[in-house]
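Here, each number is a calculation from the coordinates, and none is a lab measurement. Keep in mind that what you see is a predicted model, and the values were worked out from it rather than measured. Heads up, the Cβs are rebuilt from the backbone with ideal geometry, glycines too, and the neighbour counts pull from every protein chain shown.
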């Protein structure tokens, strides 16, 4: 049985669609490795962020691959991430 480690809300999916349309490219996510509350999913156009050879693909959200470092995966491997958006200035999310 496959384990779901990441998903996204409808609001996040709608924003991803708007970004795809605006920039004309596909997107990908990488979980930043900040400490404490500084770790956040970062959104990039495919090709703008070089995924490391050891980075772990933990899943996809709305057709976008989602990666994190192996060290962070070791720590978070039993967690589930839900990507969402909020009005105004969010605390640390990149899109």
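Using only Cα atoms and rounding to the nearest 10 degrees, what angle (0 to 90) does helix 10-23 make with the longest principal axis of the chain?
Once rounded, the angle reads 70 degrees.
Compute the Kirkwood hydrodynamic radius of the chain, taking the inverse of the mean of 1/r over all pairs of distinct Cα atoms, and give it in Å to one decimal. Show your work: numbers first, answer last.
Numbers: mean 1/r = 0.0725 Å⁻¹.
Evaluated over the chain, this radius sits at 13.8 Å.
So how do 75-87, 11-23, 53-65 stack up, highest first, on mean other-Cβ count within 10 Å? Write out the running numbers ahead of the final one.
Values: 75-87: 12.8, 11-23: 14.4, 53-65: 16.3.
Output ranking for 75-87, 11-23, 53-65: 53-65, 11-23, 75-87.
Mind checking the full-extension length gain between residue 18 and residue 75? Use 0.36 nm per residue of separation minus the Cα-Cα distance, one decimal, nm.
Gain in length upon complete extension: 17.3 nm.
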